[in-house]
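Inspection log for the structure reproduced underneath, given as structure tokens.
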Amino acid sequence: MSILVHKDTKVIVQGFTGKEGTFHSQQCIDYGTKIVGGVTPGKGGQTHLDRPVFNTVKEAVDATGATVSMIFVPPAFTADAVMEAADAGIDLAVIITEGAPVKDMMYAKMYATKKGMKTIGPNCPGIITAEECKIGIMPGFIFKKGPVGLISKSGTLTYEASNQVVKEGLGITTAVGIGGDPIIGLSYKQLLPLFEADPETEAIVMIGEIGGTLEIEAAEFIKQNITKPVVAFIAGQTAPKGKRMGHAGAIISGGQGTAQEKMEALRNAGVHVVESPADIGKTVAHVLGKK
Amino acid sequence: MNIHEYQAKEIFREYGVPVPRGEVAFSGPEAKEIAQKLGGDLWVVKAQIHAGGRGKAGGVKLAKSPEEVEKIAEEMLGMTLVTHQTGPEGKKVEKVYIEEGADIQKEYYLGMVLDRSSEMPVMMASTEGGMEIEEVAAKNPEKIIKVAIDPTIGFQGFHGRKLAFGLGLSKEEIRPFIQFAEALYKVYMDKDANLIEINPLIKTGDGKFLALDAKMGFDDNALFRHPDIHEMRDLSEEDPVEHEAEKYGLSYVNLDGNVGCMVNGAGLAMATMDIIKYEGGEPANFLDVGGGASAETVAKGFELILQDENVKSIFVNIFGGIVRCDRIANGILQATKQVEVNVPVVVRLDGTNAEEAAEILKNANIPNIIPATDLADGAKKAVAAAKGELQ
Ligand SMILES: Nc1ncnc2c1ncn2[C@@H]1O[C@H](COP(=O)(O)OP(=O)(O)O)[C@@H](O)[C@H]1O
Ligand SMILES: [Mg+2]
């Protein structure tokens, strides 16, 4: 078992024939993901990576039965692509693109919600169900199968965490990179109950960072609803106030959104909060009684 | 990206958000000329820096004649203004804004930001004009009236009424206030702002609302469709090293410590700073060199880090995914040939082909390159090296 995606999930790629789209689609295909086609307006009817190209998402969905779209279109056109996916009846859009304007994503997410489409990202590594289905840009081999669900705002920190978990002789069910923008799709609060309900997931790792209140909301939610052990790390304990740390959303503004307040809220919710990012794997092993 | 008060007021004018008349000046005589042109008998000279709290720090001064405007402008230009928002090093004043003196009857606060939990812009008002909104939020949160505005319906009368009644405005004041707020909403949305602060918003003796101060910030990701705003960028307000990094697509933030950090990915870069602190050291910077970490970006990274004289050691922490560690190791070796690195460099490469990478670094036999096996080992070694305790 896993959450959201598995070995039979049919995926199309928006921005299929571009440089990034091509490279990462090939990587996903090699991993075993069922990429069933792609969309590039104006290139409909062509074949790319041995798969059909369509002009519109609607045509792609009708012809292939895809339920998930992986989005690589440039920032200025990302919102349009997301809304097209929602309009075409896609269930889940995984938005890899970095640099989309906040206002665009605000409208796109509202429309997606109205159409019942879930979104992951933007500005994220994507989602991977270990050894089954990789929809994104993460290096697949790091994610060995195992009992740990992973939710993270950061890409490389996701790899770091998974690597530590695997070194402990454990592994991952599904890892979701939710992205570090001010407005993102699925977040801790929506993903935690999915892991709670997944019989294969025995523990959950959540990685947050400074800025916003998603981790605080997650803490509230965990206190009420999550029985599985949760291990958390919050990046940016040493970040200065008022400075954007790489991610558009990673900023302590008006003294709000510090790592310390998030760590405290999570601790109060019974979460195993680690101060050192090197202790993630060890702590997971410990809470699972493997050490 | 942030802009100056005078630039924000220009945008406000364009959108019919009422502001006092005024112009920017770069010299004393120019300031005097502007004062004469504006007319009247009271002027205000305002230092233009990207920080608030100027009033209390001597950066906002009243003048009663054009000659006095000139004198004050001359004193202000070139001075370093230290406010509670500039940090102890302060900011150099390079331009002043000359504005007509306003007849202040009452001061309010009006602002807009993105509310990340409702995922909508929120407008905030308070009767505590002139006070920092953070301070009001901490001490008297009930004095802040907030309305989230769903952009699919836009600014409606009820949004305005909620704010106006919350501020206790009188019947005659409600209409002009709502017009003001509606125009402000339009500015925020049209220009892809992520912050507007009017502190104070004033009511004048003749019952008008005026933006006496104006602070605006923008979504960097949307600047591509606002060339007019992009042009308002003032590089003298930014850290030159941060700007240099940006030119090369790197993200750098200077900090106070002495352990330089070079990392791929923003989250891991923050985590690297954190672990250095955890192991008893102090990070000198945040630096995300991106996914590729090629020889060029690593070389540039070394250059950026070494511009900070406090740096005593460097921790290169790269998680190689799709880009393999052996390639990154070669990149690091090449970079050390391009840039003279005279401090110990602790290198931790993990991920794809990590063992080959370790082998490459070992065989290169460069005395100041110290390989590390994992995150904790790397941080410990980098901290020890900065303290001169390694070897
Ligand atoms: N045009 C003006 N006329 C009269 N008083 C002014 C004017 N501009 C500013 N002031 C006064 O100076 C104070 C500080 O100015 P402001 O623009 O808010 O700068 P800061 O927030 O940096 O201190 C205001 O609260 C107001 O009392
Ligand atoms: Mg002010």
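The values are calculated or read from the model by the stated rules, or taken from the named source; none is laboratory data. All of these numbers come straight from a predicted model, not from anything done at the bench. Quick reminder, even Gly has a Cβ in these numbers, built from the backbone with ideal geometry, and neighbours come from all protein chains shown. These area figures cover heavy atoms from the full protein model, side chains too; ligands, DNA and RNA do not enter into them. Shrake-Rupley method; radii C 1.70, N 1.55, O 1.52, S 1.80 Å.
Numerical summary
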item	result
Euclidean distance of C-alpha centroids, the stretch A:24-62 and the stretch A:115-164, integer Å	21
For A:102-112, mean number of other protein chain Cβ atoms within 10 Å	4
Using alpha carbons only: equivalent-ellipsoid semi-axes of the stretch A:106-238, gyration tensor based, whole Å	22, 17, 16
Largest to smallest principal axis extent of the C-alpha atoms in chain A, angstrom	55, 42, 31
Chain B, Cα convex hull volume normalised per residue, Å³	162
Long-range amide H partners of B:LYS91 with built H, under 5 Å	B:LEU81, B:VAL82, B:THR83
Peptide-level mean, for A:244-257, of C-beta atoms on other protein chains within 10 Å	5
Solvent-accessible area per residue, Å², over chain B with all protein chains present [probe radius 1.4 Å]	43
Listed residues A:TYR31, B:TYR97 arranged by accessible area, highest first, probe 1.4 Å	A:TYR31, B:TYR97
Computed Rg/Rh of the stretch B:1-66, alpha carbon atoms with Kirkwood Rh	0.96
Stretch gain in nm, segment B:LYS171-B:LYS106, where the contour uses 0.36 nm per residue and the Cα spacing is subtracted	21.8 nm
FRET efficiency estimate (nearest 0.05) - Cβ-Cβ, B:ASP256 to B:LYS143, R0 60 angstrom	0.95
Potential lengthening between A:LYS19 and A:TYR107 on full extension [0.36 nm per residue; Cα-Cα distance subtracted]	29.0 nm
Taking chain B and dividing mean pair separation by its residue count, relative contact order in percent (alpha carbons under 8 Å, at least six apart)	12
Solvent exposure of chain A as accessible area per residue, Å², 1.4 Å probe	35
Kirkwood Rh (inverse of mean 1/r, distinct Cα pairs), the protein assembly as shown, angstrom	26.8
Cα centroid separation - the stretch B:1-76 against the stretch B:297-367, whole Å	50
B:GLU246-B:LEU390 pseudo-label distance in nm [points 7 Å out on the Cα-to-Cβ vector]	3.2
The stretch A:55-127, relative contact order in percent, only Cα pairs under 8 angstrom and at least six apart counted	33
Estimated vicinal HN-Hα couplings, Hz - the stretch B:38-43 in sequence order (Karplus 6.51, -1.76, 1.60; Gly, Pro = x)	5, x, x, 10, 9, 10
FRET efficiency estimate (nearest 0.05) - Cβ-Cβ, A:ASP30 to A:GLN224, R0 51 angstrom	0.80
Sequence ranges B:84-92, B:325-333, ranked by mean other-Cβ count within 10 angstrom, highest first	B:325-333, B:84-92
Within 10 Å of each Cβ in A:227-237, the average number of Cβ atoms from other chains	3
Over the stretch A:1-144 - Rg/Rh using Cα atoms and the Kirkwood inverse-distance radius	0.93
B versus A: buried accessible surface, summed, Å² (probe 1.4 Å, to nearest 100)	3900
P(r), alpha carbons of the stretch B:226-295 - 5 Å bins starting at zero, rounded %	4, 16, 22, 21, 15, 11, 7, 3, 1, 0
Cut-off under 5 Å, modelled amide H: who pairs with A:HIS48 long-range	A:VAL53
Overall dimensions of the stretch A:79-150 as given by Cα atoms, namely Rg and Dmax in Å	13.7, 38
Interchain or long-range residues, amide H under 5 Å from B:ASP115's placed H	B:MET120, B:VAL122
Protein accessible area in the stretch A:1-114, 1.4 Å probe - carbon and sulfur %	54
Ranked by how many other beta carbons lie within 10 Å on average, peptides A:112-118, A:213-219 from highest	A:213-219, A:112-118
Å³ per residue enclosed by the Cα convex hull of the stretch A:91-132	57
Equivalent ellipsoid dimensions for the stretch A:1-53 as semi-axes, Å, which come from the Cα gyration tensor, largest first	21, 11, 9
Percent accessible area from carbon and sulfur atoms, chain B, protein chains only, probe 1.4 Å	49
Normalised convex hull volume, the stretch B:1-138, alpha-carbon set, Å³ per residue	134
Centre separation in Å (Cα based) which lies between the stretch A:248-291 and the stretch A:64-92	33
Shape of the stretch B:170-217, Cα gyration tensor, a/c cut at 1.5	oblate
